[in-house]
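Notes follow the structure.
The values are calculated or read from the model by the stated rules, or taken from the named source; none is laboratory data. None of the values given here were measured: they were computed from a predicted structure. All Cβ positions, even for glycine, are placed from backbone atoms using ideal geometry, and neighbour counts span all protein chains on display. Heads up: the accessible areas ignore ligands, DNA and RNA and are worked out on the full protein's heavy atoms, side chains in. Shrake-Rupley method; radii C 1.70, N 1.55, O 1.52, S 1.80 Å.
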Amino acid sequence: TPQLGATRFDELEEINNLYARQWSRELRLQSAFDGPVNFNLGGIYIHLKRLNDVFYVPNTETAYAECINAGFCPPVGGPGAVYIDPNPNPDGTGHNYYISHNPYELKSAAAFGEIYWQATSKIKLTGGLRYTDDKKSNVNYPVELLLPGRGWPSGVTPQHAEFKELTGRFNIDYQPTDDTLLYASYSKGYK
């Protein structure tokens, strides 16, 4: 086979190609006042693009594709030639191997803030809110193993999802002695 070379044994090779690029920025404004009240305000933005191609290259599939193309084996997906990728490193256009091709993109923005109140020398209260807006998109390409033709299928529909959520937390810390801290906390998150 072009990817595995000549052999008389059944072989399978897994090839992973991962591309990821992320850009993010976070800005915070935090106080350090001498009084009982302080705060932390901020925002964050993330933009991630990822493409993960996983190839499973078995020489048995290439042999079967050659058998289909020669007219000796029944076709899997109807009449027509199965394209056999001639490259030693698969480029994704061949139908003689299995490929999982999944481009993914995330855009996430959030604004957050917390207030810290030292109510007494032993009691501290914390309250915070966060608003998050996530936009995700993904394209799942169907498997084209042993199907006639070449390359990626046409008419693939991207999937999009958007999540907007307000979350928060509340803490109360009670320190009756220097060696003891009692606290209660409530928080809401999402994934």
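The chymotrypsin sites (Phe, Trp or Tyr not before Pro) of region 69-121 that DSSP puts in a loop, and whose beta carbon has at most 15 other beta carbons within 10 Å, are PHE72. Among the chymotrypsin sites (Phe, Trp or Tyr not before Pro) found in region 17-69, those both in a DSSP coil and sparsely packed, with 16 or fewer other Cβ atoms within 10 Å of their Cβ, are PHE33. Amide H contacts under 5 Å for TYR141: HIS101, restricted to partners 5 or more places along the chain or on a different chain, H placed in the peptide plane at 1.01 Å from N.
Counting only DSSP H runs of at least 4 residues, each contributing -39500 (n - 2.57), and dividing by the residue count of the chain, the helix-based mean residue ellipticity at 222 nm comes to -2000 deg cm²/dmol. Averaged over its residues, region 61-184 has an accessible area of 59 Å² per residue, based on protein heavy atoms and a 1.4 Å probe. Taking the protein heavy atoms of the chain in the context of the full set of protein chains, the accessible area attributed to carbon and sulfur is 56 percent at 1.4 Å.
Under a 5 Å amide H cut-off, with hydrogens placed 1.01 Å from N, TYR83 pairs with HIS95, GLY149 among residues at least 5 apart or on other chains.
Label positions at GLU162 and LEU51, each projected 7 Å from the Cα along the C-beta direction, are separated by 2.6 nm.
Annotated for region 39-154: lysine pairs at least 8 residues apart or interchain, Cα distance under 13 Å, count 5.
Note on LYS107: accessible area approximately 80 square angstrom, rounded to 10, probe 1.4 Å, nucleic acids and ligands left out.
Spin-label model, GLU26 to LEU129: label points 7 Å out along the Cα-to-beta-carbon direction sit 2.2 nm apart. Applying both filters, DSSP loop and at most 14 other Cβ atoms within 10 Å, to the chymotrypsin sites (Phe, Trp or Tyr not before Pro) of region 119-191 gives TYR190.
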